[in-house]
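Asker: One structure, pasted below without further comment.
Read-outs throughout are calculated quantities, based only on the coordinates presented, and are distinct from any laboratory measurement. Note that the structure is a prediction, hence the values are computed from the model and not measured. We place every Cβ from the backbone using ideal geometry, glycine too, and count neighbours over all the protein chains shown.
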C-alpha cells in the first residue's frame, strides 16, 4: 500500500486535526507518520519526552528498547513514569502509559540491552532510529548499526547543563548522505576522564528540552517537512541559555563509510570505549563475604567515598571520605586488618582504592562489589535506594 | 585575540567562567594560552602530542576547524572559538 492510500478513522482525524490543518504539513505528512516505524533506544530522560511526543503525534509503529527498571532516582526527569512504576521494567511501564495516550499506535518492546549481537536484527525492522542512550558504547553501537543498515539516526545527548542534537546518516532529496557520529567524534573519551554516572548528574528539565527537539527532528526526517539538522550540530547550554548550531561534514577518514572503511561489521563497543582495557586489578569483596568478615571481626574500618548528601539518603555506618578527598585523608585510613571501601555502585570506590594504593602503598583495601545498592538489595532493604 | 566558549562540563577548570578572552593569532596559539592559564584543562583538551583530543571538537564561528586550516586557522579579535566535547548522558 502506498503512503497516500493510508486511511484514518474519524477518531484519528479528530485527534490529528491540529497537524492536518497546518498548510505545510497536512494529511500527507500525517500519513507518513502513520506509515513510519521508529525505534527509540533508551526510555529514560531523553526517551520520555521523545516517546510521549512521537506517540501523541501519531507515529504508526514505535519500538522501545531498554533493559532497565524504574527507580526512584529516575522520577526527577523521566516524566513517562510515576511512583506506581518503581521496580517495574521501563519498557512495560512506558507502553502502559503510552497506550493510554494514543490507542492507535502499535508498540514493539524489547526488554533487553541493545548489543552488537542483537542490534542489526532489531534496527533493520525500523525506518528511523532515535538514540536516547546514556553511555558511549551504546552511542557508537547505534551509530555503526544505523550506518551499516542505511538508516537515519536522530541523535541527542545530555550532560549536566549541556545538550546536543543532530541527525546522522541522513540522505537528502538530492541523494547526499550527511555525516554520522564518527565524523564528529572518531573515538570516545577514555574512561575516567569524563565524570561517570552518579558523579555527573543532569538537570531534570534538560532532557525534557533536548528530547523534545529530538522528537521534532524525528518527525521532520519522517515527513520531509522543513530542513533537518543533518550536517549541522546543535548545542544548548542551559546555564547561559545559549544555542549554537555548527556545520559538520562527512570525513574521508571515517572508519565506517569514509574512503578506506575499516569497519564492516559491529565490533566490541565496551572494548572500543576502553572499558575492558587492562587495568591493575584491585581486591574486591562480595556482599556476603563482607557480612561474614564483619561478623568475624576482621573488618577494622568501612570507608564510604560518596558525597555527604548521598550518605544522608542511606549509609551503612562507614566513615565518610568523599572520593575527591581520599588522598588528603589517607592518614585516617587504617593499615591493620581489612578496610572495606564502598560507594553507590563500586566505581568511585575502585578509583579511591587505586589512588590510595598508588600514592600511599595501601594493601589492605577491599572494594565492596556493587556498592551500597547491592548491600541494600541483599542485606538491608529498609535502607533507601536512590 | 579571540573569545573561547568553555562547555559546561569543563567550567570547573576555568573558575566557572563560560567565556574567556585570550591572545593568539591562530587557534593553536589561543588553545595554548587557554591551557597555560588553566592548566587543569589541558588533559581534557590535548593529548600527549599536544594535539586536540579526538573526542573534543573545536569550532571557529560555525565551522569545524578540521574543515578550515585546523589549529593553524587564523583568528582575530572578533573570532569566537567553541570547544565541544563528546557527551553521552549519565553513564560511561
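Asker: May I ask for the angle, rounded to the nearest 10°, between helix B:27-37 and the longest principal axis of chain B, with both axes built from Cα atoms and the value confined to 0 to 90°?
Answerer: Approximately 50 degrees, to the nearest 10.
Asker: GNM, chain A, Cα, under 10 Å: largest mean-square fluctuation among A:304, A:127, A:319?
Answerer: Of the options given, A:319 has the highest mean-square fluctuation.
Asker: Right, something else. Where both partners of a DSSP beta bridge lie in the protein assembly as shown, what percent of those bridges are antiparallel, to the nearest 5? Walk me through the intermediate numbers first.
Answerer: On the way: 33 of 69 bridges.
Approximately 50 percent, going by the DSSP bridge assignments.
Asker: Please build a GNM for chain B, connecting alpha carbons under 10 Å apart, and tell me which residue among B:24, B:74, B:61 fluctuates the most.
Answerer: B:61
Asker: A follow-up question, please. Output the antiparallel fraction of DSSP beta bridges having both residues in region A:36-272, as a percent to the nearest 5. Don't skip to the end; give the middle numbers.
Answerer: Values: 20 of 40 bridges.
Here the share of antiparallel DSSP bridges comes out near 50 percent.
Asker: Using a 10 Å cut-off on Cβ to Cβ distances, tally the other chain neighbours for every residue of A:249-258 and report the average as a whole number.
Answerer: Numbers: counts 4, 0, 3, 0, 1, 0, 0, 0, 0, 0.
Average per residue, whole number: 1.
Asker: If we count other beta carbons within 10 Å of each Cβ, what is the order of A:349, A:288, B:79, A:230, fewest first? List each step's numbers first, then the result.
Answerer: On the way: A:349 29, A:288 11, B:79 17, A:230 23.
Result, fewest neighbours first: A:288, B:79, A:230, A:349.
Asker: Please give the peptides A:46-52, A:31-37 ranked by average Cβ packing (other Cβ atoms within 10 Å per residue), highest first, as a rough proxy for protection. It would help to have the intermediate numbers written out before the result.
Answerer: Values: A:46-52: 28.1, A:31-37: 20.1.
Per-residue Cβ counts within 10 Å, averaged per peptide and sorted highest first, yield A:46-52, A:31-37.
Asker: Along its principal axes, what span do the Cα atoms of chain A show, with the longest given first and each in whole Å?
Answerer: Computed over the Cα atoms, the extents are 77, 50, 41 Å.
Asker: Report the residue, chosen from A:220, A:344, A:174, that carries the largest GNM mean-square fluctuation when chain A is represented by alpha-carbon nodes joined by springs under 10 Å.
Answerer: Fluctuation is largest for A:174.
Asker: Take peptide B:78-87, look around each residue's Cβ out to 10 angstrom, count Cβ atoms belonging to other protein chains, and average those counts.
Answerer: Details: counts 0, 0, 1, 0, 5, 0, 8, 7, 13, 15.
Across the residues of B:78-87, the mean count of other-chain Cβ atoms within 10 Å is 5.
Asker: A follow-up question, please. Highest mean first, how do A:254-264, A:69-79 rank when packing is the count of other Cβ atoms within 10 Å averaged over residues? Numbers along the way, then the final one.
Answerer: Numbers: A:254-264: 14.0, A:69-79: 18.1.
Descending mean neighbour count gives A:69-79, A:254-264.
Asker: Take A:59, A:165 and order them by how many other Cβ atoms sit within 10 Å, fewest up front. All intermediate terms of the calculation are to be shown ahead of the outcome.
Answerer: On the way: A:59 28, A:165 25.
Fewest to most other Cβ atoms nearby, the residues stand as A:165, A:59.
Asker: Arranged by the count of other C-beta atoms within 10 angstrom, fewest first, what order do A:162, B:77, A:173 take? Before the final figure, lay out each step's value.
Answerer: Details: A:162 24, B:77 9, A:173 6.
Final ranking by Cβ density, sparse to dense: A:173, B:77, A:162.
Asker: Then there's this: How would you rank A:139-148, A:176-185, highest first, on the average number of other Cβ atoms within 10 Å across their residues?
Answerer: Values: A:139-148: 24.3, A:176-185: 21.7.
Averaged packing, sorted descending, gives the order A:139-148, A:176-185.
Asker: Can you tell me the 0 to 90 degree angle between the C-alpha axis of helix A:205-223 and the longest principal axis of chain A, rounded to 10?
Answerer: The two axes meet at around 30 degrees.
Asker: Before rounding to the nearest 500, sum -39500 (n - 2.57) across all DSSP H runs of length at least 4 in chain A and divide by the residue total; then give [θ] at 222 nm in deg cm²/dmol.
Answerer: Details: 15 runs with 129 residues, N = 386.
Helices in chain A give a 222 nm mean residue ellipticity of -9500 deg cm²/dmol.
Asker: I'd like the mean, over residues of A:184-190, of how many other protein chain beta carbons sit within 10 Å of each residue's own Cβ.
Answerer: Values: counts 6, 10, 3, 4, 5, 10, 3.
Per residue, the number of nearby Cβ atoms from other chains is 6 on average.
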